[in-house]
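A.B. asks: Quick one: structure below, then a few questions.
Since every read-out is calculated from the coordinates, none of them should be taken as a lab result. Just so you know, these numbers come straight off a predicted model, no measurement behind them. So basically every Cβ, Gly included, is an ideal-geometry build from the backbone, and we count neighbours across all protein chains shown.
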Amino acid sequence: MIDPKVLRTEPDRVRASQLARGESVELVDQLLAADKDRRSSISAFEGARAEQKGLGKQVSSSRGDEKAALLARTRELAQQVRSLQGEADQAGARFDELMLKLGNLVIPGVPSGGEDDLHVIESHGTPRDFAAEGFEPRDHLELGEMLGAIDMERGAKVSGSRFYYLTGPGALLEFSLSQFALSKALEWGFTPVIPPALVKPSAMEGTGFLGQAAQDVYHLEADDLYLVGTAEVPLAAFHSDEILETDTLPRQYAGYSPAFRREAGSYGKDTRGIFRVHWFDKWELFVYCDPAQAEAEHERLLGFEKEFITALELPFQVLDVASGDLGLSAARKYDCYAWLPTQQRYREITSTSNCTQFQARRLNIRGRFEDGVRPVATLNGTLCAMTRMIIMLLENHQQADGSVHIPEALRPYLGGVDAFHPKA
């Protein structure tokens, strides 16, 4: 959540952020009214409570009619205090409920627009000209079946639509990508983490994945636990309700976990192959830092993603995500889109978000700074979403005979193999 002081002192800034997100501006006025009611209720409760305490001291030293009057007033105040406390609690709950609906403050300079407004800020590499090479590129599923790498039919048989098996070369590609991602994360100074894939509602809500994103998560009602859609959730909640010492910042974690997504609202979209599935494995980078360093850390995370994609010899673009497509928690987000030959367009493979202090406030994660204890900043970045990256490797590195070239960066994790070939 945002700092309530900003809401009170700079409401127009909050309204502008909501407008940029395409979200309710009226929510700001509702929050201001709720905050006024909350503070007024707290003041009334504290005033009555103070009087109650003062009368308690007077009763012990009074006598006769005076004591009887004081006792009567004490009983009256006790009932009043209980009533005022209930009103204060109710007003506080209303304010908190509304605050959880308010998105993070968009950082100045973020381009305006929505999901379809793609603001490309960098391009790297050149897509292959398959026509010049004399053949029509096959899509990742055709290649995967030729190689014995992807089995969608059995995935559907066992688990339903949008599930799959990675077999043989497909499984080897995932393991090699995972090992390469781990080696880079260690090189960059990240601590590897294997976090739980089931989390409490507080972790999901704290990271902003309930509310508007709730339709896309799997909830186990019998246990009141959620399957995570990204390691960002357990990594963000890792230090919930803690105070981090300044000299331990930034803290950098690389989490490996499955990611489960309902893909609600994607009916009919990317139904072929493993582009949009209900489960995949992913390496996620996560950083806790001094808020003053958050924007620099964001650029650093983007640099790591670019380095990783470049090593895999993939053409890609970097996008500055439009304000209306940031999601609840991000104040700024960069996406990397790799070239997908059979679709003749770039598609998303990584994303990195600066969530400023938004998640830390919701999860009560603070740092002990020179000017006092206050919320830290959190940032996240996808390093390798396995299915998307496998798709890009298969399609971009395919050869006319159906074989697939292996980038040099992955060969050490494949025993030196430089290509996968179709099954005989």
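A.B. asks: Give me the dipole magnitude in Debye, nearest 20, for the chain about the Cα centre, with unit charges on the beta carbon: positive for Lys and Arg, negative for Asp and Glu.
C.D. replies: The dipole magnitude comes to about 1500 debye.
A.B. asks: List every DSSP H helix in the chain whose Cα atoms extend 20 Å or more along the helix's own long axis and whose mean Kyte-Doolittle hydropathy is at least 0.5.
C.D. replies: Passing helices, by number: 169-187.
A.B. asks: When the chain is treated as a GNM, springs tying every alpha-carbon pair under 10 Å, which of P412, P258, P196 comes out with the largest mean-square fluctuation?
C.D. replies: Looking only at P412, P258, P196, the largest GNM fluctuation is found for P412.
A.B. asks: Here's another thing I want to ask about it. Which value, in nm² and rounded to one decimal, describes the direction-averaged projected area of the C-alpha convex hull of the chain?
C.D. replies: Projected over every direction and averaged, the Cα hull of the chain covers 25.9 nm².
A.B. asks: Over the chain, with a Gaussian network built from C-alpha contacts below 10 Å, which listed residue (A34, A294, A377) shows the highest mean-square fluctuation?
C.D. replies: Largest GNM mean-square fluctuation: A34.
A.B. asks: Additional query: Please give me the summed charge of the neighbours of P422: other residues whose Cβ is under 14 Å from its Cβ, Lys and Arg +1, Asp and Glu -1.
C.D. replies: Net of charged neighbours comes to -1.
A.B. asks: Between beta-carbons, use under 14 Å as the cut-off and find the net charge around G155, counting Lys and Arg +1, Asp and Glu -1.
C.D. replies: Within the 14 Å Cβ shell, the charges total +2.
A.B. asks: Please rank V106, V120, fewest neighbouring Cβ atoms within 10 Å first, as an exposure proxy.
C.D. replies: V120, V106
A.B. asks: Take the residue pairs K184/K423; K269/K333; K36/K101; K5/K101; K184/K333 and return only those whose Cα atoms are more than 20 Å apart.
C.D. replies: Correct reply: K184/K423; K269/K333; K184/K333.
A.B. asks: Taking other Cβ within 10 Å of each residue's Cβ, how do Y288, Y413 sort, fewest first?
C.D. replies: By the 10 Å Cβ count, ascending: Y413, Y288.
A.B. asks: May I ask for the net charge around G303, where only other residues with Cβ less than 12 Å from the Cβ of G303 are counted and Lys, Arg are +1 while Asp, Glu are -1?
C.D. replies: For residues surrounding G303, the net value is -2.
A.B. asks: Next question, about the same structure. Per-residue ellipticity at 222 nm for the chain, helices alone: DSSP H runs ≥ 4 residues times -39500 (n - 2.57), over residue total, nearest 500 deg cm²/dmol?
C.D. replies: Theoretical 222 nm ellipticity from helices: -13500 deg cm²/dmol.
A.B. asks: Now for a separate question. What's the exposure ranking of R332, R276, going from fewest to most Cβ atoms within 10 Å?
C.D. replies: R276, R332
A.B. asks: Running a GNM on the chain with Cα contacts under 10 Å, which residue among K101, K36, K269 ends up with the highest mean-square fluctuation?
C.D. replies: K269
A.B. asks: Take the Cβ-Cβ distance between S202 and S43 as r, set R0 to 22 Å, and report the resulting FRET efficiency rounded to the nearest 0.05.
C.D. replies: 0.15
A.B. asks: Extension gain D117-E153, at 0.36 nm per residue separation less the Cα-Cα distance, in nm?
C.D. replies: So the chain would gain 9.4 nm between D117 and E153.
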